[in-house]
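So the structure is just underneath, and the comments pick up after that.
Each reported figure results from applying straightforward, stated rules to the coordinates on display, with no laboratory input. Every value quoted in this text rests on a predicted model; they were computed, and no experiment measured them. Positions of Cβ are generated from backbone atoms using ideal geometry, with glycine treated the same way; all protein chains shown enter the neighbour counts.
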There are 2 protein chains.
Amino acid sequence: MHSKQVGMEWRSACPVSCAMDVLGDKWSLLIIRDLLMFDTRTYSNFRESSEHISTNILAERLKRLTAMGVIERINPEATARNNAFQLTESGQALRPVVESIYVWADSHLRDFNPDTAAAI
Amino acid sequence: MHSKQVGMEWRSACPVSCAMDVLGDKWSLLIIRDLLMFDTRTYSNFRESSEHISTNILAERLKRLTAMGVIERINPEATARNNAFQLTESGQALRPVVESIYVWADSHLRDFNPDTAAAI
DNA sequence: GCACTGACTTGCATTTCACAACCAATGGGT
DNA sequence: ACCCATTGGTTGTGAAATGCAAGTCAGTGC
């Protein structure tokens, strides 16, 4: 599976830039965060997260993350209903990323957001 | 300096979500990447990076990252001209984030982007 | 069979982004 | 002193992404 088959455009060959082409928006890493916390999440589960993602954005992100091999259906053969998502090996490998972001924000964003707490 | 003074809206109290409110776009972490690599960068320097950021987006991001205490002018008292940007302590603390993103993309995005290399 | 739920799609208004053009202030060459 | 290229932006306009509400549609549950 290559870039053109997913309709992906890459701004440069820099890995950081490529990562931002895939994950560089307000929602993708929150989807990853949820899956790191709960292992599996249904479409409805994602909607219940406290940031209130809208349905069209959620559907589009799940498609893109699936196309990029970061997440997958629990049962790839079955229909969408009651067929939650989970991280692939690639998605699991994002744990250090999300954790380092958590650590940074927890210690450097407190002054800006009085509500920032250890809570999710 | 608090959130309302910067006009910042937070979707939730989760640190990861707050971090995405600040850095969750295609460009911010590339600006950080450049500053991690070169220590100081002028406005023109940022424009020379291979992803070709447009001027209005660059100006807006530099403002936001400055407002959030991630970057600063080398000489805060002087005018903008010949007054490059550098990372604050908060910005320096993003090094583990950018490095873990680099490591992830380098090993998990290769199959999708044939051009992904160790080059910046 | 029929309502209900889960997983989306569609339509539309708003916001953000990209691209190009423009502008003001500095500074170097002569 | 004068020209003029460079730096660090701002402004305008069209395209794209986003947010919100409503609608669709295929399974269950009873």
Problem set entry | Per principal axis, descending, Cα span of the protein assembly as shown in whole Å | 63, 42, 27
Exercise. Other chains' Cβ within 10 Å of B:27-33 residues: what's the mean?
Worked result: 4
For this session: Could you state, as a whole-number percent, how many of the C-alpha pairs of chain B are farther apart than 19 Å?
Result: 52 percent
Problem set entry | Virtual spin-label span in nm between B:Glu72 and A:Ile57, 7 Å along Cα→Cβ | 3.2 nm
For this session: Show that you can apply the helix-only estimate: for chain A, add -39,500 (n - 2.57) for every DSSP H stretch of four or more residues, divide by all residues, and state [θ] at 222 nm to the nearest 500.
Result: -14000 deg cm²/dmol
Seminar exercise, completed: Whole-Å distance linking the alpha carbon centroid of the range A:57-120 with that of the range A:3-55 is 6 Å
